Each structure stands twice: as C-alpha cells, then as structure tokens.
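Inspection log for the structure reproduced underneath, given as structure tokens.
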Amino acid sequence: MSIRKTFSYLFLFSLLGLTAASTKAADEKTSVTLYTPYTQVSVPPGQSIKYSIELINNSDELRNEPIRITGLPRSWDYSLKSGNYNVKQLAVLPGEKKTFTLDVQVPLKVNKGNYHFNVETESTNTLPLTVTVSKQGTFKTEFTTDQNNMSGHANSSFTFKAKLNNSTDEKQVYAMEAHAPRGWDVTFKAITSKWHRLMWMKTAPKM
C-alpha cells in the first residue's frame, strides 16, 4: 500500500470519527428539552414568580438530569420543587416528561428593567427566561390613609383608617405617636395582614 493511500485512509477514518463525535454531541444536546410557556413575565418589585417547567426526554434511554439556575441576580432567591420535595436532579423515562416548579422571589430593593437568567441541564440544554421589573423599587415605608379629614360635634369620636406598608428589603419596627390638640385622647389599634398593617387611630376630646 502506498504512502498516499495510507494517508487517505487515515484522513477518512479521522473524518468519520469527528463526524460521529459531532453527531453524538448533537444527539446528547437534543435528547432532553426544557419547556415553559412563560419565557418573559412582567412583575412589580417584591413579587414571587412561579414557573411550571417540563423536562422532556426525547431519547430512548433513561435520563438522570441535574438542574441548575445560572445568571440570576445574587440578591434574588429561588427554589426548585417537584411534588413536595426540593430537587436538584430529576430522572425521566424514555419518551416521557417530568414537571417541576421554579419559584423566583424578586426583591423589593431592585431597579426597573429586564433581568435574564437560564434554567440548564447537564446535557447543556438551556431554557432562557426574562423577568421585566415594571417599576423602580421604593426602598421606603409608606403610611397612607384614604380619608384624613372628618367633622362632628364637640363630644364626637373620630376613627381614621391608615395603612402602614413596609416597602424596604428588611424587617422594620415602628413606634406610633400622635400630636393631637391639648385635651384630646388618641389610641391606636393594629390589624395585621400579609403585606401591611392597618392602623386604626381613634381620637376624641376629653370632656
């Protein structure tokens, strides 16, 4: 066999090997698919987002896929769950799919804009997601009331309903104080809800 023929065979075998390796890599990359219909959502600061994501096995083999989140801002919290369990890896039978949830907590202390991150598997399958924060985080406490003026007789009692909303990114302790005219009594009553406290302020002149 001539040197030229030997070199041609070696080159052909190398080319076939590279083609096979490339095909195998492509098959592994497409053997699983990550899917969710909500690839871009718009939320205000402090909102929790729940994604339902499908891990689809397109191959004829059992796939045991680690799942990771990349590109998420450091101050954002997230969790991966399937059923009642926190998960980092899912096994999927050939031709089947498993559903898991991704919970993302957008912090209150966040700038308005678009934030991009990925859900990835070991086989380099990537699901890109985008969260649009619809407004600038306030980073402050809000104390508001719908009605701040009332009228009545000299011996009347007046009840004001106010809302105290902690829009900072930390737990706060508040002290309530009223500056009423001399001789008036002022009392406070708090009603706790999930997001704020309702303050009932009752004022009445001393008789």
Under 5 Å from the placed amide H of Val87, counting only residues 5+ away or on other chains, we find Leu80, Lys81, Ser82
1/(1 + (r/R0)^6) with r = Cβ-Cβ of Ser59 and Asn114, R0 = 30 Å, i.e. FRET efficiency to nearest 0.05, evaluates to 0.30
So for R0 = 41 Å, FRET eff. of Ala190-Thr33 from the Cβ-Cβ r, to 0.05, ends up at 0.20
Under the 7 Å Cα-to-Cβ spin-label approximation, His153 and Ile49 lie apart by a distance in nanometres of 5.8
With every protein chain in place, the accessible area of Tyr78 for a 1.4 Å probe, in Å² rounded to the nearest 10, comes to 110
Expressed as a percent, the accessible surface of the range 35-101 that is carbon or sulfur, using a 1.4 Å probe and the full set of protein chains, is 45
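The values are calculated or read from the model by the stated rules, or taken from the named source; none is laboratory data. Just so it is clear, the structure is predicted and the values come from calculations on it, not from any experiment. Note that each Cβ is placed from the backbone with ideal geometry, even for glycine, and that neighbours are counted across all protein chains shown. For accessibility, only protein heavy atoms count, side chains too; no ligands or nucleic acids. Shrake-Rupley method; radii C 1.70, N 1.55, O 1.52, S 1.80 Å.
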